[in-house]
Structures are given as structure tokens and as C-alpha cells.
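The next block holds one structure in the form of C-alpha cells; read it before the comments.
Values quoted throughout were computed directly from the atomic coordinates according to the rules given, and no laboratory measurement underlies them. Note that this is a predicted model, so its numbers are computed, not measured. Backbone-built Cβ (ideal geometry, glycine too); neighbour counts: all protein chains shown.
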Amino acid sequence: MRCCQADMCMADLSDAKPYHRRHKVCENHAKAQIVLVAGIRQRFCQQCSRFHELSEFDETKKSCCRRLAGHNERRRKNAAESHSEWMVTKGIVLLLLLEG
Ligand SMILES: [Zn+2]
Ligand SMILES: [Zn+2]
């Protein structure tokens, strides 16, 4: 049976887009801010193509913040690494200057 995961949703997915059919969500519920799934308020994540609890999302965003947070963390880490590399280079330059 291919129907929408949302509680009480009677949408017929036989005419829906393949994307919505594959993820068992009707177009309305894929776009909705709040969808009741298994009695829990959830939202369809465009990134994971599945429902998450509202707490996973950043306000009205359409994709969960878990991946976004991971992405930001990685970027911060890289920035920190390149910064420390620069400090090391600067330290070596200073050392050379002192020795010279
Ligand atoms: Zn639905
Ligand atoms: Zn997600």
C-alpha cells in the first residue's frame, strides 16, 4: 500500500510524483510546516527525504539542522586548522628572524 505517512491523510499517491510516492508523502505534507505522523508533530526533511520531529529543525527550515550543524562544525574546524598552520608558519619565520 502506497499512501502518505501523515496521520489521517487520505491522499491518493497513485497520481503523485515519483519522489512523493517513493517517500510515501503527499505533496501537501511534504511542504507542510507541521505534520502529525504516528501522533508526533513532525516535518518532512528535504535533505533526508523523511519525517523528523520538529525539534530537529531550525525554526521554519525545510531540512533538519543536524546536517547543517555538522557542516558548520567542519567548516569551523578547517578554519581553526588553517589558522593554527598560519601561526606555526609565523612562529618559524620569527624563529628564523631571531636566529638570523
Ligand atoms: Zn499526506
Ligand atoms: Zn533531515
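So if we plug the beta-carbon distance of GLN33 and MET10 into 1/(1 + (r/R0)^6) with R0 = 25 Å, what FRET efficiency do we get, rounded to 0.05?
Step by step, r from the Cβ atoms, then E = 0.80.
Search the structure for amide H atoms under 5 Å from the amide H of ARG50, placed 1.01 Å from N in the peptide plane, and list their residues when 5 or more places away or on another chain.
Counting only residues 5 or more places away or on other chains, the set is CYS45.
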